[in-house]
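Every number here is computed from the coordinates shown, using simple stated rules; none is lab data. Please read these numbers as outputs of a predicted model, since none were measured by experiment. Every residue, glycine as well, gets a Cβ built from its backbone with ideal geometry; the counts of neighbours run over all protein chains shown.
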Amino acid sequence: MSKKSSNQGPDNVTSKYPGLTDKKPVKSISVQRPLDRDRKTVTETNLEPITDDVETPVANKKPRKKPAQSKSKQSNTTPRTAAKPAKTAPEDDIVLELPPSPEHRKARRRKALWIWAGVVATILTAGWAILYFSPILAIEEISHEGLDLVAQSEAEERTASLAGTPLPQVTDGKVTELFAENPAVDHVTLRAEPPHGLVVIVHEHKPIAMSPSGKQYVVFSDEGTELAQIPSQRAQEFDLPVVASASDVTDQEVFDTITAVLGSLPEDLREQVRAASGSSIDSIELELSSGKMVMWGNSEQAEKKAQVLKALLGLDKAEAAQISEYDVSAPDFPVTR
C-alpha cells in the first residue's frame, strides 16, 4: 500500500505528465448580470494556478491581494454599452415644403412691386435725361396767344432766345421772367407741340379803365397801375370806362380811388360804365352808357353800393325814365333825382 501511494504522489504525476508544469494560468471570463437586464457586463480576471498544497485552516488563511491591473485593463472592467448608430436619412427621402403664409406672400408681392417700381423709375429717369439734353426736341417754331395789351413784335423779341433750346428745359417760370419788365403780363404758361413747336400763352392783367394821353390811351389795372398804351382805334375795342379829367390823372390819390371803385364793380355793372371822374376821394362819379350819373362817393362799402345800384337800375321803364341821377354814396339811404 505504501508503495502504491508513493507512486501516486505529486512527483509521480508531474514526472508522468511533465506538460502540466509548463502550462500558464488560464484566463477565464465571468459573466455578471448588471442592474440593466438588457445589457451584460464582461469582467476579465486572472486566476492563479492550481497547486496540490495542503489546505490550511480557514482561520489561518490570509486574504489574497488582488493583482493590480493595468489602466488598460481597468478601462475594460467598466460596463460597456453599445453605441447606437445615428440614423441618417436616405438620400432619396422626400422633404415636404409647407405653403407660404399670407404675410409671406404679401411681403413677396411688396418686394416685387418695389423692384418693378425701381426698374421703371430708372428707365423713365434715363429716358427723361436723354430728352432733356438731346437736340432731338430743340425748339424751332414759337407762337404766341393771349396778346391784347402786349404787342406781337415785343413778344417775339422777348422769346427769341428760346430757339434751339430742348423743350424739356423750358418752363413757365423761365418764360415768365422774360416778360418781367412788362407790367401788363401777369404770368405765362407754355404748350409744347413736339418735336420742335412751342406755344407761349400770355396771361395779362385785366384792364378796368383807360385815360386819354395825346393820340393814345393809357390802360390801367384795378390797382391804378399803368398797363400799356394803345392807339385810340384799338382802345374802342376794349370798351373800358374812361377817366376823362386830366386833373384826375395828375392827382394820384384820386386816380387810385377811381380805379379801385371801377375794379370793385361786378362785370355786368362795369360794362355799363362809360366814364369815371372825381374831384376828391369822397366824390367819385360814374357816367353810365345810358347818359345817367351815379354818385358813388368813396371806395368804402363797394359791395353794398353795387347791390343797391343794381336794384335801382332794375326799376320799371316808366319810373326809370324820370331818373337822371342815382346817389348811392350812403347805401342805406339811396336817393334818385
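Condition first: among the aromatic types (Phe, Trp, Tyr) and either buried (at least 17 other Cβ atoms within 10 Å of the Cβ) or outside any loop (DSSP other than H, G, I, E, B) (or both). Can you find one or more residues in segment 329-336 that meet it?
no
Pull out all pairs, ordered by first then second residue, where Cβ-Cβ is under 6 Å, the residues are six or more apart or on different chains, the first lies in segment 297-313 and is under 14 Å from residue 276 (Cβ atoms), and the second is polar (S, T, N, Q) and assigned to a helix (DSSP H, G or I).
299/257; 302/264
Looking only at strands (runs of 3 or more DSSP E) that fall completely inside segment 211-319, which ones have 2 or more residues that are closer than 30 Å to residue 151 by Cβ and in contact with a strand residue (DSSP E or B) (Cβ under 7 Å, 6 or more places away or on another chain)?
The strands (runs of 3 or more DSSP E) meeting that bar are 216-220, 226-231, 273-278.
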